[in-house]
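A.B. asks: There's a structure below that I have some questions on.
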Amino acid sequence: MENIKKLTSKRLFMPIFCLAVMLVAAVIASPDFFKIGVQNGVLYGRIIDVINRGSEVVILAVGMTLVVSASAGTDISVGAVMAVVAAIACSFTAGGQQSVNEYINNPILGALLGILVGVLCGCFNGFLVAKLKIQPMVATLILFTAGRGIAQLLTNGQITYVRVESYKMLGASIPGVPIPTSIFVTIIMVVLTMLLLKKTAMGLYIESVGINSRAARLVGLKSTMIIFMVYAFSGFCASIAGLINSSRIYSADANNIGLNLELDAILAVALGGNSLAGGKFSLLGSVIGAYTIQTLTTTLYAVSVSSDQIPVYKAIVVVIIVSLQSPELGKMIRRLKAKSSAQAGKGAA
């Protein structure tokens, strides 16, 4: 009993338990959920879809985790930033035109410019939050509202199709490699971020600022710079996610790229057992939360739930999962048990 109590008290127990429950539900809904095959030299199957399609949410959740921890706020602009980055990358790859009316077919230049602009968007958010002390949701609401409009301007209000075959590799696969490229990119992003946080003092600094920014400033930490940096990093994560998304559909669709993914990223942070009030965080918990959300989405599609109805089912499941992780619910259950035991004792007497 003591071992079970010790296990359930672990920080990652509930995120892993929730993911396991979702996987069991997925198998019940679709018995071939874990079946993996090879098609056109690439692995495919529903579990592969979860890992592959969840890449964008995982990458966004990595940046969102640090933003939430340091600033006790969320970056709701990441979906719109994805659209802006995709518009720039696709325009410079095959959509922008020179004076001689020739396409600029340079995917590397397009990707680098897209990432640069994404980081600048993050810096803009960071300046508003860290320097001007604007509430994070209000500050990031600016790009959340204007971002897709900027992307529409860059693409002239139309879907920009890419004509360079190599641009597909990021969202599909490298020839001769059976695993989708986005999975490798996600692993690299998660591992490098974890190494940065664990092997340097950055993780401790972020948590310290999130717990009490004034106290952190008194001990010599530059709270303003740390908050600014996490928003810039969130912009970088949104850039990578935007490139993967646009590469996946081989175009820049300003209306749909990254749509509502900022909500999935925030939910992933919450499902990972992280407090949205800032302070201590678990990056691995957020990654697990992201895959839990993607498992739910894939399962709903597998049982033929329409895309219009999916948000309703997701909301119900997320409320249940978040409630299960709530410390207050645990206290209520313990109080009810204690009350029930007391009443049983009186009845026996």
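A.B. asks: Rounded to the nearest Å, what's the spacing between the alpha carbon centres of the stretch 153-177 and the stretch 260-275? Just the number, please.
C.D. replies: About 28 Å separates the Cα centre of the stretch 153-177 from the one of the stretch 260-275.
A.B. asks: Next up: Considering only 293, 195, 149, whose Cα is most displaced toward the positive end of the charge dipole of the chain, charges sitting on Cβ of Lys, Arg (+1) and Asp, Glu (-1)?
C.D. replies: 195
A.B. asks: Compute the orientation-averaged projected area for the stretch 142-250 from the convex hull of its Cα atoms and round it to one decimal in nm².
C.D. replies: Working: hull surface 37.8 nm².
Answer in nm², one decimal: 9.5.
A.B. asks: Please compute the net charge surrounding residue 126, taking Lys and Arg as +1 and Asp and Glu as -1 over other residues with Cβ under 14 Å from its Cβ. Show your work: numbers first, answer last.
C.D. replies: On the way: positive: 131, 133, 222; negative: 75.
Charge balance in the 14 Å sphere: +2.
A.B. asks: Shifting gears a bit: Using a Gaussian network for the chain with springs between C-alpha atoms less than 10 Å apart, which of these wobbles most: 223, 306, 213?
C.D. replies: It is 306.
A.B. asks: So if we plug the beta-carbon distance of residue 21 and residue 161 into 1/(1 + (r/R0)^6) with R0 = 30 Å, what FRET efficiency do we get, rounded to 0.05? Before the final figure, lay out each step's value.
C.D. replies: On the way: r = 41 Å, r/R0 = 1.36.
With a Förster radius of 30 Å, E is 0.15.
A.B. asks: Fully extended, how many nm does the chain gain between residue 146 and residue 331 (0.36 nm per residue separation, minus their Cα-Cα distance)?
C.D. replies: On the way: separation 185, 0.36 × 185 = 66.60 nm, distance 4.30 nm.
Separation in residues times 0.36 nm, less the Cα-Cα distance, equals 62.3 nm.
A.B. asks: Okay, moving on. To the nearest 20 Debye, how big is the dipole of the stretch 113-243 about its Cα centre, given +1 on the beta carbon of each Lys and Arg and -1 on that of each Asp and Glu?
C.D. replies: Working: 10 positive and 2 negative charges, 73 e Å.
Rounded to the nearest 20 debye, it is 340 debye.
A.B. asks: If the chain were replaced by its equivalent ellipsoid, with semi-axes equal to the square roots of 5 times the Cα gyration tensor eigenvalues, what would those be, largest first, whole Å? Walk me through the numbers before you get to the answer.
C.D. replies: Working: eigenvalues 284, 146, 59 Å².
Each semi-axis is √(5λ); the values are 38, 27, 17 Å.
A.B. asks: Let me have the relative contact order for the chain, percent, based on Cα pairs under 8 Å that are six or more residues apart.
C.D. replies: Details: 592 pairs, mean separation 103.6, N = 349.
Relative CO of the chain lands at 30 percent.
A.B. asks: Then there is this: Write down the accessible area per residue of the chain in Å², having rolled a 1.4 Å probe over the full set of protein chains.
C.D. replies: Working: 17900 Å² over 349 residues.
Solvent-accessible surface per residue comes out at 51 Å².
A.B. asks: Another question, if that's okay. Could you please report the charge total around residue 160, scoring K, R as +1 and D, E as -1 over all other residues with beta-carbon less than 15 angstrom from its beta-carbon? Intermediate values should be presented prior to the final figure.
C.D. replies: Details: positive: 148, 163, 168, 248; negative: 253.
Spelling it out: positives minus negatives among the neighbours equals +3.
A.B. asks: Further, regarding this structure: Over 28 Å between Cα atoms: which of 6/222; 6/331; 280/331; 10/331; 6/280; 199/314 fall into that group? Spell out each step's value before the answer.
C.D. replies: Numbers: 6/222 37 Å; 6/331 17 Å; 280/331 21 Å; 10/331 17 Å; 6/280 20 Å; 199/314 36 Å.
With Cα atoms farther than 28 Å apart: 6/222; 199/314.
A.B. asks: Calculate what fraction, in whole %, of the accessible area of the stretch 36-171 sits on carbon and sulfur atoms when a 1.4 Å probe is rolled over the protein chains.
C.D. replies: Values: 3810 of 6080 Å².
Exposed carbon and sulfur together represent 63 percent of the surface.
A.B. asks: Same structure, new question: Compute the acute angle (0 to 90°) between the alpha-carbon long axis of helix 283-302 and the principal axis of greatest extent of the alpha-carbon atoms of the chain; round to the nearest 10°.
C.D. replies: So the helix axis and the longest Cα principal axis differ by about 80 degrees.
A.B. asks: Reachable aspartates and glutamates from residue 198, Cα under 17 Å, same-chain residues fewer than 8 places away excluded?
C.D. replies: Residue 198 reaches 207.
A.B. asks: Fully extended, how many nm does the chain gain between residue 192 and residue 277 (0.36 nm per residue separation, minus their Cα-Cα distance)?
C.D. replies: Numbers: separation 85, 0.36 × 85 = 30.60 nm, distance 2.52 nm.
Answer, rounded to one decimal: 28.1 nm.
A.B. asks: Any idea what the dipole of the chain comes to, in debye rounded to 20, about its Cα centre with Lys/Arg Cβ at +1 and Asp/Glu Cβ at -1? Please list the in-between numbers first.
C.D. replies: On the way: 26 positive and 13 negative charges, 335 e Å.
Its charge dipole is roughly 1600 debye.
A.B. asks: Between residue 342 and residue 10, how high is the FRET efficiency from 1/(1 + (r/R0)^6) when r is the Cβ-Cβ distance and R₀ = 30 Å? Nearest 0.05. Intermediate results must be reported in sequence, preceding the final value.
C.D. replies: Details: r = 30 Å, r/R0 = 1.00.
E between residue 342 and residue 10, to the nearest 0.05, is 0.50.
A.B. asks: Follow-up question, since we're still on this one. FRET efficiency for residue 212 and residue 313, Cβ-Cβ distance as r, R0 = 25 Å, nearest 0.05? Write out the running numbers ahead of the final one.
C.D. replies: Details: r = 39 Å, r/R0 = 1.56.
Working from the Cβ atoms, E equals 0.05.
The values are calculated or read from the model by the stated rules, or taken from the named source; none is laboratory data. Here the structure is a predicted model, which is why all the values come from computation and not from measurement. In this analysis, Cβ positions are derived from the backbone assuming ideal geometry, glycine residues included, and neighbour counts consider all displayed protein chains. These accessible areas exclude ligands, DNA and RNA; they are computed on the full protein's heavy atoms, side chains included. Shrake-Rupley method; radii C 1.70, N 1.55, O 1.52, S 1.80 Å.
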